[in-house]
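The values are calculated or read from the model by the stated rules, or taken from the named source; none is laboratory data. Everything numeric here is computed off the predicted structure, so don't read it as measured data. Cβ placement follows ideal geometry from the backbone for every residue including glycine, while neighbour counts extend to all protein chains displayed. In case anyone asks, the SASA skips ligands and DNA or RNA and just uses the protein heavy atoms, side chains included. Shrake-Rupley method; radii C 1.70, N 1.55, O 1.52, S 1.80 Å.
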Amino acid sequence: MGSIFKPKMPSLPPPPPAPEPPSDELSAEEKERIKKEQDAIRRRRKGRKQTILTSPLGIQENKEGQLETLLGKK
């Protein structure tokens, strides 16, 4: 009996049209900006790689290099 007294739901409005997909073409300015960003990333990566003192094999220093102190070699 509850369905007799309930109001019916109004129908939903139609969905809005889908937005146009972005164009696949990049302008020359955008291509140049992307190239500069990628070059900068490569330069930073190269500089950071040279600061790493270990390799997959471990520390590559000899024992004499480890014995140095502030006062000189032991």
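Could you tell me which numbered condition R48 fails, if it satisfies all but one of (1) surrounded by 10 or more Cβ atoms within 10 Å (Cβ to Cβ); (2) at pLDDT below 85?
Checking R48 against (1) surrounded by 10 or more Cβ atoms within 10 Å (Cβ to Cβ); (2) at pLDDT below 85, the one that fails is (1).
Being assigned to a loop (DSSP other than H, G, I, E, B), modelled with pLDDT of 65 or more and open to solvent by less than 100 Å² (accessible area, probe 1.4 Å) is the requirement here; does L12 meet it?
So L12 fails the test.
Could you please let me know if P17 is loosely packed, with under 10 Cβ neighbours inside 10 Å and at pLDDT 90 or above?
Working: loosely packed, with under 10 Cβ neighbours inside 10 Å: yes; at pLDDT 90 or above: yes.
Answer is yes for this residue.
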